Each structure stands twice: as structure tokens, then as C-alpha cells.
1. According to the square roots a ≥ b ≥ c of the eigenvalues of the Cα gyration tensor, what is the shape class of the chain, taking rounded for a/c under 1.5, prolate for a/b larger than b/c otherwise, and oblate for the remainder?
2. Is the stretch 212-334 rounded, prolate or oblate when judged by the Cα gyration tensor, a ≥ b ≥ c being the square roots of its eigenvalues, rounded requiring a/c under 1.5 and prolate requiring a/b larger than b/c?
3. If you take every DSSP beta bridge whose two residues both sit in the stretch 8-192, what share of them, in percent to the nearest 5, is antiparallel?
4. Could you tell me whether the stretch 32-89 comes out rounded, prolate or oblate from its Cα gyration tensor? Rule is a ≥ b ≥ c as square roots of the eigenvalues, rounded for a/c under 1.5, then prolate if a/b exceeds b/c, otherwise oblate.
5. Let me know the whole percent of all Cα-Cα pairs from the stretch 1-101 that are separated by more than 21 Å.
6. In the structure displayed, which of 166/198; 166/265; 210/308 lie more than 25 Å apart, Cα to Cα?
7. Calculate, for the chain, the solvent-accessible area per residue in square angstrom, rolling a 1.4 angstrom probe over the heavy atoms of the protein chains.
8. Could you check which residue among 13, 177, 40 shows the biggest mean-square fluctuation in a GNM of the chain with a 10 Å Cα cutoff?
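The values are calculated or read from the model by the stated rules, or taken from the named source; none is laboratory data. Because the structure is predicted, anything quoted here is derived from the model rather than measured. Protein only, heavy atoms only, side chains kept; ligands, DNA and RNA dropped before computing areas. Shrake-Rupley method; radii C 1.70, N 1.55, O 1.52, S 1.80 Å.
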Amino acid sequence: MSNNHLPTIAIGSLGGTISMTQAHGQDGIIPTLSASELISSIPGVSQFATVQASALNQVASIHLKRSDLLAALDWAEQQVAAGAAGVILSQGTDTLEESAFLLDLLWVHEEPLILMGAMRGATAVAADGPANLLNAIQVAASNNSRGRGVLVVMNEQIHYARWVQKKHSLSLAAFVSDVGPAGTIVEGRALYFSAPPKRMTFARPAATTKTVLLWLNHLDEHTELLSQQDILDPLGEKFDGIIFAGVGAGHVSTLTAQWIAKWAKLKAVIICTGTGSGSTSFATYGYPGGEIDLQNHGAIMGGFLSPKKARLLLWIILENGLNPKVAVRDYLGSMIY
């Protein structure tokens, strides 16, 4: 096949482990490699696509901000407008699931936007970055990937942004989806296990002014702290919305439930399960701090949303001035059939 008939794939590097090497005199690895240097480490790319590379950032993923991701979104949309058949963003894996989900809420194009990274540094034995990047190019170049929104490609698996989570700190198989992977790569082909899912997208926020707190619930929560109104009243005023990572199917202590009852009258409060898998319940538990009690006081149950992703969804909803209860309900409806 002539290269003139190959799809154009744009790759933007944001940093992360995939780009990390040990600099002279430096303890540990740090981001050093650009997108062009990452591509140069992969043999055979030219048979799949015409690749264009840009360096967008060079940081560990925990240093990325929402504004950085919105800038990357603008860049990705420019590439599609210029004719790219797909776009890839490489970044660190620590916050990759969050970046992918945020971008999926805003990505309106048929062309796929792929996020990927690596679990091992670029100079490590059996570094996984080159293979993951090659797989990402193969997925981005596939017509089968169109209309699926933002995808995460890691360890020869394809994941939908709304489901994927990093579930291991170091393993090459760190990324999993609660419902299973969307697809896989076999002999360079992107193979999917179902038709494209329902999607719900939002307008790109014009600013990043809203703040959403993420609160982790746990056994024997800090009773003395929760009893001090002079501490928690000002805390609640500092945030536009609050996500509670509840225990089990989305439950909290009696004292926390009292604060939720107060705050839910003033701002959006979402209760998620902090287990890392499954949905919250909606109509099973009636004790104080159970989901029936919390909903009666105005809280929103997060369903299958992880706490991290609920935080980003609520932020988008608030920045767009939407009704949180309606928008969250509609988004949860888009996750199932």
C-alpha cells in the first residue's frame, strides 16, 4: 500500500513514565523524551499510518491540571480539523483514567482519541511503552474505532474511558474495566467485542472556576472532627460540590450523613461506592447514612461512577450551569442499556 493511502495519526506527548529516563546526576527517572523520540523507538510504524508528533508537555501525570487537558483537547481537535483520522495522547498512568474520562465527556468527534502510557520507564528492561504506542497507533488508524469516544490502550487491551481504572501500582496489567475490556489488538488489528456504546457529551467549559471536593469514608470516622461545626461549616463553603466515596454500596456514618443533609441543601452532593467496582444501591438500605436516607436529604447516588470520575463529571456539569440531579441521572442512563 502506498503511504499516500495511509491514515494520518497525530500524537501529542504530555510526559509520564513512557517518556522517562534517568538524567545524568539525577536520582530516579524523570520525563525527558519527546513524542518524536518515542515514535523513533517503534519499528514498522510506517506500514500502519503517517504519524505526526508534537510535544505538548513534559511532566508526571500528577502534575497535570484540568487546564492542561483542555489545552490538549484544543490541540486534538485542531488535528482532526486538519485531517487526522485519529489522535493519541501519551501521558503518565497515575491519572490516566481521570484524563481519559474528562476528555471523553468533551470529545464530540467520530475520530478516536486514544490515551496511553507505560508502566515501565523508557530505559527499563522490557519497557512496555513502544508496544503500547504501536498498539495505540493501530487502534487510532482503525475504522472500527470510530464513534467510540475516548479509548485507553494499554497492555494489548482497549478500554472505554468511562469504565477503565488503574487497579495495580506496578503491574503491566494495571488497567482493567469493571465490565471487561472494550476490545483487544490481534496481529495489528483493533477488534471490539460490541458495537459502539451510547455516549453523552458536554460543552467545553469556558473556565475552571468550580471546585469539587472528594471525601473518602471509612470505619470509625473522625467523630471529634465531624462534631466541630466551626471547622466543617467553612470547609463546606469552599466547595461548589462534594463527592463522597462511601463504604459498600454508598454508605456513610451517622455524623457524616448529618453533614450531607446540611450540605445537600446548598450544593450538589454525590455518593459513590469506594469499593472500586460495582454500582451504588438506590433503594435497599434505610438506616441513617444508607442510600435511602441520603437521597431523602437531597444527595445523588453515583451508580457505576467511580468517585474520581464522579468528581470530574460534576465539575463539568457545574461549569456548564446544568442541573446536577438531571445531568447525573442522564449520564448514568447512558452507561447502561
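1. On the way: a/c = 2.11, a/b = 1.79, b/c = 1.18.
Prolate is the answer for the chain, as a/c is 1.5 or above and a/b outweighs b/c.
2. Details: a/c = 1.67, a/b = 1.18, b/c = 1.42.
Oblate, because a/c is 1.5 or more while a/b does not exceed b/c.
3. Working: 15 of 34 bridges.
The answer is about 45 percent antiparallel.
4. Values: a/c = 3.03, a/b = 1.28, b/c = 2.38.
Since a/c reaches 1.5 but b/c is at least a/b, the shape of the stretch 32-89 is classed as oblate.
5. Numbers: 1919 of 5050 pairs.
When every Cα pair of the stretch 1-101 is considered, 38 percent fall beyond 21 Å.
6. Numbers: 166/198 23 Å; 166/265 34 Å; 210/308 16 Å.
Beyond 25 Å between Cα atoms: 166/265.
7. Working: 14800 Å² over 337 residues.
Averaged over the residues of the chain, the accessible area is 44 Å².
8. Judging by the Gaussian network model, the answer is 40.
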